[in-house]
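The values are calculated or read from the model by the stated rules, or taken from the named source; none is laboratory data. Keep in mind that what you see is a predicted model, and the values were worked out from it rather than measured. For neighbour counting, all protein chains shown are included, and Cβ atoms are generated from backbone atoms with ideal geometry for every residue, glycine included. Heavy atoms of the whole protein, side chains included, go into the accessibility calculation; ligands, DNA and RNA do not. Shrake-Rupley method; radii C 1.70, N 1.55, O 1.52, S 1.80 Å.
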Amino acid sequence: MAGNTTFDMDDYSNSTGMTTVRASGEFAGDFTATINDIADNGTLQLGGVEAITADEDFTINVKNAGTAGQNSNVFNIETRGNLAVDAGTLTIANVETINITSEGAAAGDSIAVLTAAAMQNLTVTGSADMNIKALTSSAAMNNLNTSGMTGDFVMGAAVSNNATLFTGGSGADTFNGGSGDDVFNAAGGNNTLDGGTGDDTYNIADGGTDTILQNDGDSTAYTAETVTEAAIAVGETLTFGNGVDVVNGFTAGASGDVINAFAAGAPTTLVGSNQTGNTSATLFFASRAFVLSTGVFTIAADGSGADTLLIEGVNGANLNASDDAIVLVGVNSSDIVAANIT
């Protein structure tokens, strides 16, 4: 294929449109190939004779996509061959579902930038690793599924603030959420999950050693309390009426899962703590059975509850300013060690 060239598939087929375009080698320079009027559910195949590099950019315009009544268009990308496929920018307009099959080099394939403003669903399958380094202008995405992957999947920084469902495969997945209330269903790999802001749910009981990134401001401050700030006591409550980050299936212990949190090391008990001063450098824990339906966490004696709340202290006289809280469902606080909090 020549670079900086526009190819109209209607010039090569009848009005139904051509279904497959293959780029098997690199362009003679840093160029963009624009492919117009490829059929809905069409496919771009990358790789084969030569390695595909970041100099190879593609703009895809699916036939009739974006016109009245067209709101479920599909486009497919396949990486193949024994040589590396490290494509440049792929721009796909007016397509709601994109499917990527990664079957290229053993070292894995990559896409430097995937720009797909209308994309709601992204499905990635295959045995080769796939790294989508940046998803730009993809704010409509609400479903990312790699359950058909045995290779590792890595996505760049979050682009969607919709509530997004992330479903992992057997490889090691790296998922990044935005400000929506995301749900992560991790599978068997050693996964890295970042829900961003919003009230996120992590389901990680399907094997592997998972790392959850819990950055400053990633959760929601609680809405009500009965705590005594000078000395928090057993039986007092925190109510997360607007939601809170929740982890199901967390494995505590020296070789267990990890919360990459606002303060590393074993957390400090909330019971008896004085929250009237500056506690912003401290990560606290509390034990109890959390009631998800009401958001009420009633503080129990350390190690006596079914669930564990982790919450960051603040610089001030009221813990309710903390917007860094996460509940580990089914985890006894006595089982948490320093290696679980990094």
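Test each condition in (1) under 20 Å from ASP194 (Cα atoms); (2) modelled with pLDDT of 95 or more; (3) surrounded by 21 or more Cβ atoms within 10 Å (Cβ to Cβ) for ILE92 and report the one that comes out false. All conditions are met except number (1). So which of GLY42, GLY47, GLY88, GLY25 is farther than 22 Å from ALA117 by Cα and in contact with a Ser or Thr (Cβ under 8 Å, 6 or more places away or on another chain)? Result of the check over GLY42, GLY47, GLY88, GLY25: GLY47. Of the set (1) under 19 Å from GLY196 (Cα atoms); (2) hydrophobic (A, V, I, L, M, F, W, C); (3) more than 26 Å from the chain's Cα centre (by Cα), all apply to ILE232 but (1).
Answer yes or no as to whether THR201 is at pLDDT 95 or above, under 19 Å from VAL159 (Cα atoms) and either of a type in the set (Asp, Glu) or open to solvent by 30 Å² or more (accessible area, probe 1.4 Å) (or both). The answer is yes for THR201. Considering only the range 252-303, state which residues are touching a residue at least 12 places away in the same chain (Cβ under 8 Å), hydroxyl-bearing (Ser, Thr, Tyr) and out of contact with any Lys or Arg (no Cβ under 6 Å at 6 or more places or on another chain). If the condition is that a residue be touching a residue at least 12 places away in the same chain (Cβ under 8 Å), hydroxyl-bearing (Ser, Thr, Tyr) and out of contact with any Lys or Arg (no Cβ under 6 Å at 6 or more places or on another chain), then SER255, THR268, THR269, SER273, THR276, THR279, SER280, THR282, SER287, THR294 are the ones that fit. Take SER219 and decide whether it is more than 16 Å from ILE336 (Cα to Cα) and either at pLDDT below 95 or open to solvent by less than 20 Å² (accessible area, probe 1.4 Å) (or both). Criteria met by SER219.
What number goes with the only condition from (1) closer than 15 Å to ALA266 by Cβ; (2) assigned to a strand (DSSP E or B); (3) in contact (Cβ under 8 Å) with a residue 40 or more places away in the chain that VAL327 does not pass? Here VAL327 clears every test but (1). Condition first: touching a helix residue (DSSP H, G or I) at 6+ places or on another chain (Cβ under 9 Å), open to solvent by 50 Å² or more (accessible area, probe 1.4 Å) and touching a residue at least 12 places away in the same chain (Cβ under 8 Å). Can you find one or more residues in the range 43-62 that meet it? No, the range 43-62 contains no residue that is touching a helix residue (DSSP H, G or I) at 6+ places or on another chain (Cβ under 9 Å), open to solvent by 50 Å² or more (accessible area, probe 1.4 Å) and touching a residue at least 12 places away in the same chain (Cβ under 8 Å). Being part of a strand (DSSP E or B), in contact with a Phe, Trp or Tyr (Cβ under 8 Å, 6 or more places away or on another chain) and either under 22 Å from PHE290 (Cα atoms) or open to solvent by 30 Å² or more (accessible area, probe 1.4 Å) (or both) is the requirement here; does PHE184 meet it? Here the answer is yes, as PHE184 does meet what is asked. Within the range 288-326, the set of residues being of a type in the set (Val, Ile, Thr) and either open to solvent by 50 Å² or more (accessible area, probe 1.4 Å) or more than 12 Å from LEU238 (Cα to Cα) (or both) comprises VAL291, THR294, THR308, VAL314, ILE326.
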